[in-house]
Ligand SMILES: [Zn+2]
């Protein structure tokens, strides 16, 4: 069952319930461990595709931020930007009922 908009919060693969930002955000730190759906209780996993999409976005931040902090000038702006992007990661998340290897 695939029911999702182009840019929006992920929906449960099992019941189609749209996840809250908070629940989707938690998934970032599960590393494939899975999170239960608030609606149906079915365990949902991050799809491999969305896992890599998220990390492709986050990785440059982790590389860039220390550089900018070293320069000091733009540190505040860059940290705000990093937090902003981190907050947007739930919108890249796709859910699957099946656990698939990440690599
Ligand atoms: Zn569900």
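The values are calculated or read from the model by the stated rules, or taken from the named source; none is laboratory data. For clarity, every value in this text was computed on a predicted model and none was experimentally measured. Glycine also receives a Cβ, built like all others from the backbone with ideal geometry; neighbour counts cover every protein chain displayed.
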- prompt: Of the residues that sit in the range 66-86 and are in contact with a helix residue (DSSP H, G or I) (Cβ under 6 Å, 6 or more places away or on another chain) and over 30 Å from residue 19 (Cα atoms), which one is surrounded by the most Cβ atoms within 10 Å (Cβ to Cβ)?
  reply: 68
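Restricting to the range 13-33, and then to whatever is modelled with pLDDT of 90 or more and in contact with a strand residue (DSSP E or B) (Cβ under 6 Å, 6 or more places away or on another chain), can you tell me which residue is nearest to the ligand (Cβ to nearest atom)?
Just the residues of the range 13-33 that are modelled with pLDDT of 90 or more, to begin with: 13-25.
Narrowing the set further to residues that are in contact with a strand residue (DSSP E or B) (Cβ under 6 Å, 6 or more places away or on another chain) leaves 13, 18.
Working: 13: 8, 18: 10 Å.
So the residue we want is 13.
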Test for residue 48: is it within 19 Å of residue 97 (Cα to Cα), surrounded by 17 or more Cβ atoms within 10 Å (Cβ to Cβ) and either at pLDDT 80 or above or within 16 Å of the ligand (Cβ to nearest atom) (or both): no
query: Quick check: is even one residue across the range 51-73 touching a strand residue (DSSP E or B) at 6+ places or on another chain (Cβ under 8 Å), at pLDDT 85 or above and part of a helix (DSSP H, G or I)?
result: no
query: Taking into account only those residues within the range 87-103 that are in contact with a helix residue (DSSP H, G or I) (Cβ under 7 Å, 6 or more places away or on another chain) and at pLDDT below 85, which is nearest to residue 49 (Cα to Cα)?
result: 102
